[in-house]
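Here's the structure we're looking at; comments come further down.
The values are calculated or read from the model by the stated rules, or taken from the named source; none is laboratory data. Nothing here was measured: the structure is a model prediction, and the numbers come from that model. A quick note on method: Cβ atoms are made from the backbone with ideal geometry, for glycine too, and the neighbour counts reach across all protein chains shown. Please note that ligands, DNA and RNA were not included when accessible areas were found on the heavy atoms of the full protein model with its side chains. Shrake-Rupley method; radii C 1.70, N 1.55, O 1.52, S 1.80 Å.
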Amino acid sequence: ERKKSISLPVDYREFLIAHHGGVPEPNFYWVVPNDWGSGIENLYGFGTPGYTLDEYFSGRSRIGVPIELLPIGDDGCCNYLCIDIGNQSRNKIFYVDHEFATDDPRKVRELAASFSRFLAKLSPDPDE
């Protein structure tokens, strides 16, 4: 946090300290409630090269993630789970869809008011 001059939400920081990223079970979340969703492929942490928070923080613009969002995970299909580190929607969790243009309102969708609430919404995949 000091290195990048950001402040992470307490619940997310505690998760990182305890789990260092990974994949929670269950791992399914709705992007559009009761219409379509996805599963967590990776939650980024500190150790595994290619999946570190530092790499995704530095590469946000290259992967089409707005500057106020920090990619914290992905669904394995080039879509990102992000946490707002800006001021306007601070701490909220968003889904960033790579298939939509930057100015398309469907590109960034709010999933939860906080990381804890996002984890609480996870469920088994309804298609399995």
message: Looking for something open to solvent by 60 Å² or more (accessible area, probe 1.4 Å), more than 13 Å from residue 28 (Cβ to Cβ) and assigned to a loop (DSSP other than H, G, I, E, B) - is there at least one such residue anywhere in the range 105-118?
response: yes
- prompt: Which residue pairs have Cβ atoms under 9 Å apart, sit 6 or more places apart or on different chains, and have a first residue in the range 13-36 that is under 20 Å from residue 105 (Cβ atoms) and a second that is surrounded by fewer than 13 Cβ atoms within 10 Å (Cβ to Cβ)?
  reply: 29/123; 30/36; 30/123
field: Filtered residues of the range 31-41 (kept if open to solvent by 30 Å² or more (accessible area, probe 1.4 Å) and hydrophobic (A, V, I, L, M, F, W, C))
entry: 32, 36
- prompt: Identify, please: which residue in the range 42-74 is acidic (Asp, Glu) and either surrounded by fewer than 21 Cβ atoms within 10 Å (Cβ to Cβ) or touching a Gly at 6+ places or on another chain (Cβ under 6 Å) (or both) and is, among those, modelled with the lowest pLDDT?
  reply: 54
- prompt: Do we have any residue at all in the range 14-27 that's in contact with a Ser or Thr (Cβ under 8 Å, 6 or more places away or on another chain), at pLDDT 95 or above and either assigned to a helix (DSSP H, G or I) or farther than 27 Å from residue 102 by Cβ (or both)?
  reply: yes
